[in-house]
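J.: My structure is below; once you've seen it, I'll send some questions.
The values are calculated or read from the model by the stated rules, or taken from the named source; none is laboratory data. Everything numeric here is computed off the predicted structure, so don't read it as measured data. Here Cβ is always computed from backbone atoms with ideal geometry, including for glycine, and neighbour counts include all displayed protein chains.
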Amino acid sequence: MSEGGVPSELPKGWAWVRLGDLGTECREAVAPEGGTRYELWSVPSFATGRPEILDGAEIGSTKLRTAVDDVLVCKINPRINRVWLTKPGVSRRPKIASSEWLVLRFPESVKAVMAPYVRRYLSSPAFREWITGAVSGATGSHTRAKSKDILNQLVPVPPLEEQRRIVAALDEQLSRLDTASGTLQITGRRIDRYLQATLHRMTSDYAPVQLREVLTSGLTNGRSVPTREGGFPVLRLTALSKTYVDVSQHKDGDWEASDAEPFLVRQGDFLIARGNGSLSLVGRGSLVINAPIPVAYPDTVIRACPDTEKILPEYLRTIWSSLAVRRQIESRARTTAGIYKVNQKILGSIEFPLPDLSTQRVLCTQWSSIEQQAGHLTHTVSVSKRRSATLRHSLLAEAFAGRLVPQDPANEPADALLDRIRAEREAAGVSKFRRRSPRRAPAQRAHTSELAPPPPSTDTSALAAATQPTLDLEIPS
């Protein structure tokens, strides 16, 4: 029996401890009054997954300043699954945490070791499985976990020296995975650059035209349709991939077939995403090559009907993915409330090179072969990324099950360490979690699910006395 890979019976000398009992200070950040602008540190919601510094006004400011070796836990989904330490020397201005952060501060005598250990545990499968479940069961406009629930979670704590060995081993192994992941990211970007350079070389010598010049009729918006079970099907925006429309991705709309007739998709239609929260996805074009079932397109999509006497639909699909077209779309897109949008006027004015029909056929054949080869490479990169993530998951699970590094019976047991922390907490006058949060109207308060069941019993009499086996890992350089 285990919780997220952590065994119910911990190794000898380990102990289960509430997260909130490990720190001398646990508090929430407080949003300032008057719109003061602060520096925001460690917001792990970016594609890089690394700490970044932003203008606090963009996400949520705070008056709470953090210190080196503080552990920050973000309560908002999906950022809640990442935890970072603040670092010195990045900026001379004070580091602070967003108002959605929970700050955990450790006793001076142990923080240099315990802070890195706890931070890594909060990124482990055990904690992430719990926090994902807690947030997914939450209700309200914002899904977040309650501070008291986070602080009540039990953490497997080994002797201090073993914590040091675990962190060192994880740093060594995970740094290798980080290097490999970085190489995979670079490889993926190189594949994209190769495709763009090849497409540019194949088409750049031809005279440009505007999209509106090669259509049989004007661009047309779809229709907004509520969902109704049993109604006429309408495409979801996710049906528009980088290449072809997946008509199987649809919902039942609240309309009849007669209402949907003007919006039915047909083979050869070119559908363009009218809006998206990501700039790289707005204006994405996707070709309909097969429509086995009657389905309409929604208001989030604009339809273009290529004039096959001027342009092949497959060529339009190909050239629409070019870097030149993307730059035009992204430079002209408008943003409202965080949503990027394009309209018929913007799309109709997009320019791209257009050879004659016979040349288009040759180019499409060549491009199909190139795309297929690049697709094989991209698939290999994706598989490697999944394997890297699986290995990272396994490393963290083994570390906090006591199987990554050897135990040393001579090490001071965790119980003694916890006694020292308890004494320092009492000396500092810390009796319970200190909540500092701004006043909010009841409607603004987020709700989360009840505290997940704690890990199994931690009765030390049931712990195995034998030393746990060590996981021997060999990761290629």
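J.: Taking Ile421 and the conditions (1) loosely packed, with under 12 Cβ neighbours inside 10 Å; (2) more than 15 Å from Arg164 (Cα to Cα); (3) aliphatic (A, V, I, L, M), which numbered condition does it fall short on, given that it satisfies the others?
T.: Condition (1) is where Ile421 drops out.
J.: Another question, if that's okay. Among the listed residues Ala207, Ala197, Ala168, Ala257, identify the single one that is at pLDDT below 95 and either exposed (fewer than 15 other Cβ atoms within 10 Å of the Cβ) or touching a Lys or Arg at 6+ places or on another chain (Cβ under 6 Å) (or both).
T.: Ala257
J.: Against the conditions (1) out of contact with any helix residue (DSSP H, G or I) (no Cβ under 9 Å at 6 or more places or on another chain); (2) farther than 25 Å from Phe352 by Cα, where does Gln173 fall short? Just the number, please.
T.: (1)
J.: Got a sec? Which strands (runs of 3 or more DSSP E) wholly within the stretch 203-263 have at least 1 residues that are in contact with a Phe, Trp or Tyr (Cβ under 7 Å, 6 or more places away or on another chain)?
T.: The strands (runs of 3 or more DSSP E) meeting that bar are 208-210, 233-235.
J.: If you take the residues in the stretch 299-340 that are assigned to a strand (DSSP E or B) and at pLDDT 95 or above, which one is farthest from Pro262 (Cα to Cα)?
T.: Taking the candidates together, the pick is Pro306.
J.: Still on this structure, please answer the following. So which pairs qualify, if the first residue must be in the stretch 146-165 and closer than 15 Å to Leu19 by Cα, the second must be assigned to a helix (DSSP H, G or I) and among the β-branched types (Val, Ile, Thr), the Cβ gap must be under 8 Å, and the two must be at least 6 apart or on different chains?
T.: Ile150/Ile131; Val155/Val118; Pro158/Ile166
J.: Being touching a Lys or Arg at 6+ places or on another chain (Cβ under 6 Å), surrounded by fewer than 18 Cβ atoms within 10 Å (Cβ to Cβ) and among the charged types (D, E, K, R): is that true of Lys345 here?
T.: no
J.: What do you reckon, is Ile319 under 20 Å from Leu211 (Cα atoms) and out of contact with any Gly (no Cβ under 9 Å at 6 or more places or on another chain)?
T.: The answer is yes for Ile319.
J.: Scan the stretch 379-401 residue by residue and report those that are out of contact with any Gly (no Cβ under 9 Å at 6 or more places or on another chain) and under 23 Å from Val157 (Cα atoms).
T.: Hits for the stretch 379-401 are Leu391, Arg392, Leu395, Ala399.
J.: Is one or more of the residues making up the stretch 354-367 crowded, with 16+ Cβ neighbours inside 10 Å and not in a helix (DSSP H, G or I)?
T.: yes
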